[in-house]
Amino acid sequence: MPKYLSISLSVAIFLAFGYVLFQNALNAPSFDDYDTTVNFIRRFFFEHFDLQTRLKVLLSRQNEHRIFLSKSLAATYYRTFGELNFRSLVLIQNIFLVAFFALLLVVMYSKKRLSPVMALWAAVFIFSLAFWQDTFYYWGGIQHYTVFFFSFSALYLLDRAQRIMSSSFFLAFLAGGLAVLSFGNGFIALLLGCFILFAQQKRQMLAVWALWTAALVAFSFLPRPDSAPAPGEPFHFDWMLRLLLTFAGSFVYINPSSGQHLNILLCMAVGFAVLAFWGWLLLKGYALKEPLLYALLSLPLLTGIIIAISRFESKAAGGIAPRYMFFTGSIPVILVLILLDLKILKTAHLGRLAAAGVLLWGAVFYHNLRDLHQMNDEITVTLRQWENDRNTPLIYYKDSREYSEILGWAVARKVVSIPEKSRNNATDETTRN
């Protein structure tokens, strides 16, 4: 593929993604936002005033996750502007997506594989609508984008660090901590960092990093919750396996209007190949030879294992949930870097591979844009109905009382406002229905 064509296509993909983002980002809370953002603002600014209690609220777990960065950005925005604007928060969180793309280019450059066609290959999977729930809603992207950005940063910096007293090692320490404070799977990067340092025989740095890892892992999971989780479905290994296989190959899911089962089967086949290749790399010693690339590939796959175990009851459908699919966007990028390094894939083949990727991006973009519009319509219609009837469930699978009370408080205190644009859209949608 000609250099200027690759550059032009990369720019076109980025601009199309940005246009849809600016056109469709809503100034409205949804799903987890009611608790993790709106109710957090009430607890942080209106219920607790001493520094110790506020810090505890910031660092407390949300289910199994620490989401310090999500809370901190929301608190900073509210303190600065006196209200929450979810459209602005969504636009801010996507800065981390752009930064993650730039970080992938840095990794390519460090491995002497950066080229226009490789940049295009990364753009296909990073500026995708496959994970639109992360891109367009604050409750998703601010946690997922940050945890992978800081996790990848920590691993890249550890790979470069040559001594304890160095800027790379210090920044890796900082990035590892921020990964843990971003989302629940951030601790995986710490363990993979131990693997990189072990493979590179950096014993002194490994000892220090292992202590940092132990401290942050303990912080992530301790103290244990006082109440035990409610009993659920008995564990089914085959359900977990279906989810894991689908998740590992979900970067080829286009969300078609028909033929979903065939597309899921394709994802499972690709996922099986990815996991088999991952295991083969370990058995053949490649993991010790190129620990950074192996660790970067391992991060999303280990994340998938955790998701598959904890969400096994959703079976294969859980592997193609848009809120999780950002985690698999880096898999094809790192895979190609490894295949090039092993000389299994030739540079001459990249053009055709990138062309196929652009076609995949277009199909994903088209089909997921439909779901995005539908979700935005549902959110605005629900908010309009809630204004007329406070018993309206704001989250369809949750009891209405708790979240209605939270939003009612926020509107009364002018922490959140339902913009006129959303009201008009909701009215139009109600009229159409």
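Summing Cβ point charges (Lys, Arg +1; Asp, Glu -1) relative to the Cα centre of the stretch 49-129 gives a dipole of roughly 240 debye.
For the chain, adding -39500 (n - 2.57) for each run of n ≥ 4 DSSP H residues and dividing by the number of residues yields -22500 deg cm²/dmol at 222 nm. Contact order, relative form, for the chain: 21 percent (alpha carbon pairs under 8 Å, 6 or more residues apart, mean separation divided by residue count).
For the stretch 331-427, the alpha-carbon radius of gyration amounts to 1.82 times the rule-of-thumb value 2.2 N^0.38 Å expected for a compact globular protein. The angle between the Cα long axis of helix 260-283 and the main principal axis of the chain comes to about 40°, on a 0 to 90 degree scale.
For the stretch 1-134, the fraction of 1.4 Å probe accessible surface lying on carbon and sulfur atoms is 64 percent.
Annotation: His349 carries an accessible surface of approximately 80 Å², with a 1.4 Å probe and no ligand, DNA or RNA atoms counted. If you plug the beta carbon distance of Asp341 and Ala218 into 1/(1 + (r/R0)^6) with R0 = 22 Å, you get a FRET efficiency near 0.05. Semi-axis lengths, largest first, of the ellipsoid equivalent to the stretch 250-292 are 31, 10, 4 Å, with √(5λ) applied to each eigenvalue of the Cα gyration tensor. Label-to-label distance for Leu211 and Ile395 is 4.1 nm, based on points extended 7 Å past Cα in the beta-carbon direction. The angle separating the long axis of helix 400-412 from the principal Cα axis of greatest extent in the chain is about 80 degrees.
Of the heavy-atom accessible surface of the stretch 287-383 (probe 1.4 angstrom), what whole percent is carbon and sulfur? Reported share for carbon and sulfur atoms: 66 percent. Each Lys or Arg adds one and each Asp or Glu subtracts one; over the other residues with Cβ under 15 Å from the Cβ of Met325, this totals 0.
Each residue was assigned an accessible area with a 1.4 Å probe, and for Leu73 the value is about 40 Å². Equivalent ellipsoid of the stretch 145-262: semi-axes from √(5λ) of the C-alpha gyration tensor, largest first, are 33, 21, 13 Å. Extension gain, Glu47 to Ala12, is 7.9 nm, computed as 0.36 nm per intervening residue step minus the present C-alpha separation.
Can you tell me the relative contact order of the stretch 273-386? Whole percent, Cα pairs under 8 Å, sequence separation 6 or more. Relative contact order for the stretch 273-386 comes out at 18 percent.
What shape does the stretch 1-71 have by the C-alpha gyration tensor, where a ≥ b ≥ c are the square roots of the eigenvalues, rounded means a/c under 1.5, and otherwise prolate means a/b greater than b/c and oblate the rest? Prolate. Along the Cα-to-Cβ line of His236, 7 Å from the Cα, sits a label point; which residues in the stretch 298-317 have backbone N less than 20 Å from it? Backbone N within reach: 305-317. Rolling a 1.4 Å probe across the protein heavy atoms gives the chain an accessible surface of 47 Å² per residue.
Using bins of 10 Å that start at zero, the share of Cα-Cα pairs per bin across the stretch 36-162 amounts to 12, 35, 30, 17, 6, 0, in whole %.
Across Arg61, Arg323, Arg160, mean-square fluctuation computed from a Gaussian network of the chain (C-alpha pairs under 10 Å connected) peaks at Arg160.
Here the chain is scanned for GluC sites (Glu not before Pro) in DSSP loops (not H, G, I, E, B) that have at most 16 other Cβ atoms within 10 Å, and the longest stretch holding none of them is 84-433. Amide hydrogen proximity for Gln62: with H placed 1.01 Å from N in the peptide plane, the residues at 5 or more positions away or on another chain lying under 5 Å are Ile67. Per residue, the Cα convex hull of the chain amounts to 161 Å³. Label-to-label distance, Ser417 versus His261, with points set 7 angstrom from Cα along the beta-carbon direction: 5.1 nm.
The values are calculated or read from the model by the stated rules, or taken from the named source; none is laboratory data. All figures in this text were calculated on a predicted structure; none of them were measured in a lab. Cβ coordinates were reconstructed from backbone atoms using ideal geometry, including for glycine residues, and neighbour counts include every protein chain displayed. Calculation scope for accessible area: heavy atoms of the full protein, side chains included, ligands and nucleic acids excluded. Shrake-Rupley method; radii C 1.70, N 1.55, O 1.52, S 1.80 Å.
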